[in-house]
Amino acid sequence: MADSTGTVFDIVVLGGGSGGYATALRGAQLGLNVALIESGKLGGTCLHSGCIPTKALLHAAELADNARDGHHFGVSSELHGIDMAGVNAYKDSVVGGLYKGLQGLVKSRSVTLIEGRGRLVAADTVEVNGQLVQGRNVVLATGSYARSLPGLEIGGRIITSDQALELDHVPGSVVVLGGGVIGVEFASVWKSFGANVTIVEALPHLVPNEDESLSKALERAFRKRGIAFQVGVRFAGATQDDNGVHVSLESGETIDADLLLVAVGRGPSTNGLGYEEQGVTLDRGFVITNERLHTGVANIYAVGDIVPGLQLAHRGFQQGIFVAEEIAGLAPATINESGIPRVTYCDPEVASVGLTEVKAREVHGTDAIDMVEYNLGGNGKSKILGTTGFIKLVRVKNGPVVGVHMIGARVGELIGEGQLIVNWEAHPEDVAALVHAHPTQNEALGEAHLALAGKPLHAHS
Ligand SMILES: Cc1cc2nc3c(=O)[nH]c(=O)nc-3n(C[C@H](O)[C@H](O)[C@H](O)COP(=O)(O)OP(=O)(O)OC[C@H]3O[C@@H](n4cnc5c(N)ncnc54)[C@H](O)[C@@H]3O)c2cc1C
């Protein structure tokens, strides 16, 4: 028989990733007594095997490109090579520093951190290490894992993002299966590091969830960078031997490479955790909740990647904050999924918030939409950086901006303003009246809104 800790917590959080630790921190801030159960490392996927280490690799990749391209700017530099041990040490030091900070934060907020694998054994109880941890509220936040395809076993030269982040060498050649966010980010890193890269995507475009104009622009940019890709092509199988991995496509073609990265999406980590036994509804493993993230069972909530929708860390953070506030009785406003910003950090970056043009026409009516594309060629700072790309705005005629879509170097940093515009339902005329510093890339957002408001300055009318 398992022991009880004796304490009944206000919230028991199962899983200490972005969603879970945000719930715990906000709950504790609101004066609630919180237990946080984590079987791996506090910080979860994002900190240890997702957002942070991949962006460190992408930064190293940018430096490699800069060294290679110095002569374009009159700087004598050349790339002598990539020292993966050095790159990994840099990446690990970034992760390690943040991990330490997070551990300190959780401790300072007096959250009870329980290490071990938990299982829901009653609607208000999680069993961990033979101990029963009871809560007036339970928040499920067990996250996600890298999926594969039926018959495609991970091992050896066939890897997921988890192994890709631990590589001690730059592969000579890689096939990337999946042209979504994770696939294109690794493709971008490896190309910058000198590998031959081929992406295989079953859907008609790379980054297929984005506005089609961005997908097409990214495809042009990747073609220019020498990143090969095949879209609308289905994977048939893969074999591996001492010489490499041999990837066959349904078209009959075979591509040989040193490695195959399987980046076909992430599945919810919910199997065998007792959720269904307690009456929680699962759909293909995802936890179904209402818009207030309640599962419909007792006081059980769910946050993060196990809840269907965008699998992004900042969505998990916001959901965690929401649930803690809900439990504390603050009745927070629900989260608008389409108002969550999305950034793909490859080179060039892709960033968007709100509705694509197609979706906006579907929601508001085909004739009710206006849009503009502002080319970064007219933006001083982008010219200085040597980047190309554009900002596409989608508005309801005589109404607010409902979509901001961007491609180009560093546009991920512009999405902060984009998300304020969309979420505050600003009209282009409101934004056009605001002053943007010169020369910045933010100015391009200002210019795009000037254009949409009918008074373009540095663009042809
Ligand atoms: C390669 C890659 C790059 C990414 N890049 C970005 C990015 O740039 N920006 C972005 O916003 N998102 C990015 N993501 C997605 C982001 O990492 C996830 O959306 C986020 O981590 C989800 O948070 P979560 O709390 O739902 O789950 P997770 O972070 O997966 O955390 C779940 C935690 O629960 C623990 N756990 C699971 N089961 C149990 C159990 N039974 N008992 C105890 N503990 C348990 C796990 O150990 C884990 O720590 C990336 C993901 C990957 C894989």
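The values are calculated or read from the model by the stated rules, or taken from the named source; none is laboratory data. Because the structure is a prediction, the values reported are computed rather than measured. Every residue, glycine as well, gets a Cβ built from its backbone with ideal geometry; the counts of neighbours run over all protein chains shown.
Filter the stretch 158-184 down to residues that are in a helix (DSSP H, G or I) and crowded, with 24+ Cβ neighbours inside 10 Å and give me whichever is nearest to the chain's Cα centre (by Cα). In this case the residue turns out to be 182. Beta carbons closer than 7 Å, at least 6 apart along the sequence or on distinct chains, pair a first residue in the stretch 398-414 that is more than 18 Å from residue 62 (Cα to Cα) and touching a residue at least 12 places away in the same chain (Cβ under 8 Å) with a second that is crowded, with 24+ Cβ neighbours inside 10 Å and acidic (Asp, Glu) for 405/211. If I filter the stretch 403-419 for residues that are over 21 Å from residue 380 (Cα atoms) and at pLDDT 95 or above, do I get at least one hit? Yes, some residue in the stretch 403-419 is over 21 Å from residue 380 (Cα atoms) and at pLDDT 95 or above. Residues of the stretch 286-305 that are touching a helix residue (DSSP H, G or I) at 6+ places or on another chain (Cβ under 8 Å) and either at pLDDT below 95 or within 13 Å of the ligand (Cβ to nearest atom) (or both): 286, 287, 293, 301, 303, 304, 305. Residues in the stretch 26-60 that are surrounded by fewer than 23 Cβ atoms within 10 Å (Cβ to Cβ), within 23 Å of residue 134 (Cα to Cα) and not basic (Lys, Arg): 28, 29, 30, 31, 32, 33, 39, 40, 42. How many residues does the stretch 47-76 contain that are among the acidic types (Asp, Glu) and either within 16 Å of the ligand (Cβ to nearest atom) or in contact with a strand residue (DSSP E or B) (Cβ under 9 Å, 6 or more places away or on another chain) (or both)? The number of residues fulfilling the criteria is 1.
Scoring residue 209 on the criteria (1) outside any helix (DSSP H, G or I); (2) surrounded by 24 or more Cβ atoms within 10 Å (Cβ to Cβ); (3) within 16 Å of the ligand (Cβ to nearest atom) leaves a single failure, condition (2). Scanning the stretch 259-305 for residues that are in contact (Cβ under 8 Å) with a residue 60 or more places away in the chain, of a type in the set (D, E, K, R) and either closer than 16 Å to residue 148 by Cα or buried (at least 18 other Cβ atoms within 10 Å of the Cβ) (or both) yields 266, 305.
Listed by position, the strands (runs of 3 or more DSSP E) contained in the stretch 318-381 that have at least 2 residues being within 16 Å of the ligand (Cβ to nearest atom) are 342-344, 349-354.
Considering (1) modelled with pLDDT under 95; (2) on the phi > 0 side of the Ramachandran plot, the lone condition that residue 388 does not fulfil carries the number (2). Scanning the stretch 1-19 for residues that are closer than 15 Å to residue 137 by Cα and within 7 Å of the ligand (Cβ to nearest atom) yields 14, 15. No other residue among 22, 28, 35 is under 22 Å from residue 325 (Cα atoms), within 18 Å of the chain's Cα centre (by Cα), more than 6 Å from the ligand (Cβ to nearest atom) and small (Gly, Ala, Ser) apart from 22.
Considered as a group, the residues in the stretch 91-134 that are among the hydroxyl-bearing types (Ser, Thr, Tyr), over 26 Å from residue 296 (Cα atoms) and surrounded by 14 or more Cβ atoms within 10 Å (Cβ to Cβ) include one that is nearest to the chain's Cα centre (by Cα), and that residue is 99. Among the charged types (D, E, K, R), on the phi < 0 side of the Ramachandran plot and over 23 Å from the mean Cα position of the chain (by Cα) - does that describe any residue in the stretch 402-420? No - not one qualifying residue is present in the stretch 402-420.
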